[in-house]
1. All but one of (1) under 20 Å from the mean Cα position of the chain (by Cα); (2) at pLDDT 80 or above hold for GLY212; state the number of the condition that does not hold.
2. Between GLU29, GLU34, GLU102, which is assigned by TED's automatic domain parsing to the domain that holds LYS136, of a type in the set (Asp, Glu), more than 24 Å from VAL126 (Cα to Cα) and surrounded by 14 or more Cβ atoms within 10 Å (Cβ to Cβ)?
3. Going by the structure shown, is LEU172 surrounded by fewer than 17 Cβ atoms within 10 Å (Cβ to Cβ), under 18 Å from VAL219 (Cβ atoms) and at pLDDT 85 or above?
4. Does GLN19 fit the bill of being surrounded by fewer than 19 Cβ atoms within 10 Å (Cβ to Cβ), on the phi > 0 side of the Ramachandran plot and in the same structural domain as CYS117 (by TED's automatic domain parsing)?
5. For the range 49-80, what are the residues that are touching a Cys at 6+ places or on another chain (Cβ under 9 Å) and buried (at least 17 other Cβ atoms within 10 Å of the Cβ)?
Amino acid sequence: MDLTALAARLHMRYYDEYQLLFGKVGGYECAVREQPEKRMMMVHLVAKPQKADDSGMEQLLEQLRAQYPAVSAAVYENFTASLRLDTKAAEDPQQLAQTLLEAISGFARHNGYLPCCCGCGKTRDVRRFLLDGDAKMLCPVCRAKAETELTDQWQRKKFQHHSVWKGAIAVLLILMIGATAWIWLYIQGLSAMLAGVAMTVLSFLAYQYLAGRMKKGSVILLLLAIVATVLLCHNLCVAFELVVAIGQQQQITITGALLFIPTFLKDPVNREVYFLQLGLSLLAVAFAAAPMLWMVYYSWHHRQRPESLEEPAA
């Protein structure tokens with residue numbers, strides 16, 4: 001249904017993407033939203049009575065519901081008068097929506113209702129926003145609450161919590177496989193740092209997928225586990241080189257070679273090569289961890305904001 005004609009008659013703005021009209025009718029913020037899949041149209045007007053015990057708007061809505069069979073529901077809640085129209089039952093849904101808005105706004109104006117925030121009823125510094133596909137009038141406080149709720153929904157959807165133990169076990173398996181691949185690549189004369197990069201990225205992704213949104217403690221533990229794995233792999237590779245070099249003269253095991261590393265590092269040349277290779281390995285892992293840490297940081301500080309609809313002063 002094309003709502004541009006109704007928008008022109010009521011001097012409201014039409015948001016085609018959302019099939020939504022939003023604007024002022026009789027000085028009050030109103031919205032008309034069509035939902036073709038449900039064969040209905042929603043009509044809203046935001047207004048606050050000056051008296052807390054004023055039930056006039058509720059009575060009016062019930063009268064309109066009884067008067068027009070196409071009105072399938074009518075409620076006044078959170079300072080918002082809402083009417084649901086059955087577009088299949090109405091002969092002219094657009095004309096009916098216009099008639100209802102004019103009736104409600106006329107009643108509100110005649111009885112001294114005030115335009116306000118649909119959340120708390122505040123009448124100053126209120127702006128238009130699109131929230132979950134619905135047009136809302138929100139003050140700064142209610143907008144902040146809406147942002148928090150949207151952010152929580154985004155985080156729950158993106159980081160569904162499953163099991164911390166599953167995440168920890170998956171990370172442990174990835175580090176073990178990564179360490180094995182690291183040593184195998186080193187023995188084959190290939191770049192073992194590629195294994196470190198792969199196990200770093202996979203560890204972060206696996207934990208977030210299985211355990212959910214990472215906290216600071218889990219990030220620190222994961223980084224320490226990765227660094228420990230790199231140190232272990234590096235020392236095992238050095239021990240393998242010592243076994244090859246010393247084994248030509250005397251029998252030595254990997255364990256013996258690991259214990260011999262402190263003595264091996266007393267030589268300045270050996271120490272320089274050792275720490276240079278270790279530094280390159282840690283640097284490769286750090287580059288791999290950087291985008292993963294940014295993703296975690298983004299999940300901590302990301303904010304879902306209601307979309308502004310022009311933001312005029314209320």
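The values are calculated or read from the model by the stated rules, or taken from the named source; none is laboratory data. Everything numeric here is computed off the predicted structure, so don't read it as measured data. Don't worry about glycine lacking a Cβ; one is built from the backbone with ideal geometry, like all the others, and counts go over all protein chains shown.
1. The single condition GLY212 does not satisfy is (2).
2. Only one candidate qualifies: GLU34.
3. Spelling it out, LEU172 is indeed surrounded by fewer than 17 Cβ atoms within 10 Å (Cβ to Cβ), under 18 Å from VAL219 (Cβ atoms) and at pLDDT 85 or above.
4. Yes; evaluated as a whole, the condition is true for this residue.
5. Hits for the range 49-80 are PHE79, THR80.
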